[in-house]
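Reading through the structure tokens given below for one structure.
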Amino acid sequence: MAAVESELRSIGELARASGLTVSALRFYDRTGVLTPARVDPVTGYRWYADDQVGPARLVAGLRRVGMPLAGIAEALRHRRHPAEVHRLLDAHLRRLEDGLADARRELSRIRSLIDPEETTVTTRLVLSRTDLAAAVDAVRFAVGADPDLPVLSGVLLEVEAAGVHLVATDRHRLAVARVDATVDGPPVRALVPVAAVDELRALLDGDGAGAEVVVAADRVTVAVAGRTLTTAPLPYDFPDHRRLLGARLGAAPAYRIPVDGAALRAALTADDVRVCHQTHDGVAHPVVALGLDHGGELRLVDPAAVGDPDGGLRVGLNREYLLDALDAGGSQLVLELDGPITPLAVRRADDAHAFSVLMPVRL
């Protein structure tokens, strides 16, 4: 026994070699992230192998930059596949940058409460008219129409240093698009009512290179080719869409399936497509099921069947919501799936910033 332990490192030795504390090593053992090579059955003392120093140092580094526990575990699982780990790191960096942008916006709001005169500050954007029109088209379908939830009855403009995100949700689906812009002014948010969004979209039709957007505390003004639209933003705090997205911004999906949007749309609207109906709030909604076999082949399956005869993944979705997402996404898309109760993402193949997320339907 002593000979075996002499070839291992004690928990204290691994702590010193890795930069993790002893209590952190115990925590990562309990959670199954970094388990010891041996645990003494009498004393419960933990012993680690030399080849666990590298993984422990990786855990320590990820811990220092605030990587969530699930992300640390996934990085360890894929540590021999650098591309996978780099994708996790990129996603976490985006999450940190988004968090910093949120903090800056909140501090700006707090400053305006302390000094009301600061509310006169405006932010000006110059951006492509075509890109702005495409972003509006990518999110408009997800705007809420429930009169009891007026906070969802608009499109959020979320301005940051190099562009603007457009976000819309009705609780069942969420759509996000981003437009690069030249920005003059602090980060700012404005919730534009849907009627004004539709007026804006009509304003963007036609020829012309650029559009100018000015966001102030009490108004949003858009100027295009000599025409101007001014609207008052809705007086609501739009939900934190990053929190709504949750794991979608943090970890790589289990499956990324390239699809032809037009072909999938044709299959969904074919006469022989298998559809069942589920009632929600007194309204019957058509439900379809996407199946994914063990070979990664995507297909439509019977949503009324009990389980998948091929034993693969099966996800139920509101057919009309899925069709809306396909229409907004374009022809070349990527579907991201994780499981039957995990939101499905529909991304444009040529634009990682334009995507929609659909809540699944339990089959």
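The values are calculated or read from the model by the stated rules, or taken from the named source; none is laboratory data. Remember, it's a predicted structure, so these values are computed and weren't measured experimentally. Glycine gets a Cβ as well: all are built from the backbone with ideal geometry, and neighbour counts include every protein chain shown. Accessible surface is based on the protein model in full, side chains and every heavy atom, while ligands, DNA and RNA are left aside. Shrake-Rupley method; radii C 1.70, N 1.55, O 1.52, S 1.80 Å.
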Next item on the list: Between L149 and R94, with labels modelled 7 Å along Cα→Cβ, what's the label distance in nm to one decimal, could you check?
Entry: 2.4 nm
Margin query: Suppose accessible area is computed on protein heavy atoms with a 1.4 Å probe; arrange R129, R256, R9 from highest to lowest.
Written below: R256, R9, R129
Notebook entry, point to check: When Lys and Arg each count +1 and Asp and Glu each count -1, what net charge do the other residues less than 12 Å away from V222, Cβ to Cβ, add up to?
Noted result: +3
Item checked: Linear extension gain, T230 paired with D271, 0.36 nm per residue minus alpha-carbon span -> 10.2 nm
Check: Cα gyration tensor of the stretch 138-294, axes a ≥ b ≥ c as square roots of the eigenvalues: rounded (a/c below 1.5), prolate (a/b > b/c) or oblate?
Finding: prolate
Checklist line | Gain upon complete extension [T122, A195; 0.36 nm per residue less C-alpha separation] | finding: 24.0 nm
Notebook entry, point to check: Taking Cα pairs under 8 Å and at least six residues apart, what relative contact order does the stretch 155-229 come out at, in percent?
Noted result: 24 percent
Margin query: Could you sort D29, D146 by their accessible area in this structure, using a 1.4 Å probe and putting the largest first?
Written below: D146, D29
Check: Of the listed peptides 263-276, 336-349, what is their order by residue-averaged count of other C-beta atoms within 10 Å, with the highest listed first?
Finding: 336-349, 263-276
Notebook entry, point to check: Going by average Cβ neighbours within 10 Å, how do the peptides 313-322, 350-359 rank, with the highest at the top?
Noted result: 313-322, 350-359
Next item on the list: Tell me the label-point distance for the pair A217, Q278, using the 7 Å Cα-to-Cβ offset, in nm and rounded to one decimal.
Entry: 4.5 nm
Item checked: Distance between modelled label sites at D327 and R171, nm, 7 Å Cα→Cβ extension -> 2.3 nm
Notebook entry, point to check: Where only protein heavy atoms count, and the probe is 1.4 Å, what is the accessible area per residue for the chain in Å²?
Noted result: 52 Å²
Notebook entry, point to check: In percent, how large is the relative contact order of the stretch 198-242, given Cα pairs closer than 8 Å and 6 or more residues apart?
Noted result: 28 percent
Margin query: For a protection proxy built on the mean count of beta-carbon atoms within 10 angstrom, sort 131-137, 86-92 highest first, please.
Written below: 131-137, 86-92
Notebook entry, point to check: At a 1.4 Å probe radius, carbon and sulfur cover how many percent of the accessible area of the chain?
Noted result: 53 percent
Next item on the list: Could you grab the relative contact order for the chain? Cα pairs under 8 Å, six or more apart, rounded to a whole percent.
Entry: 12 percent
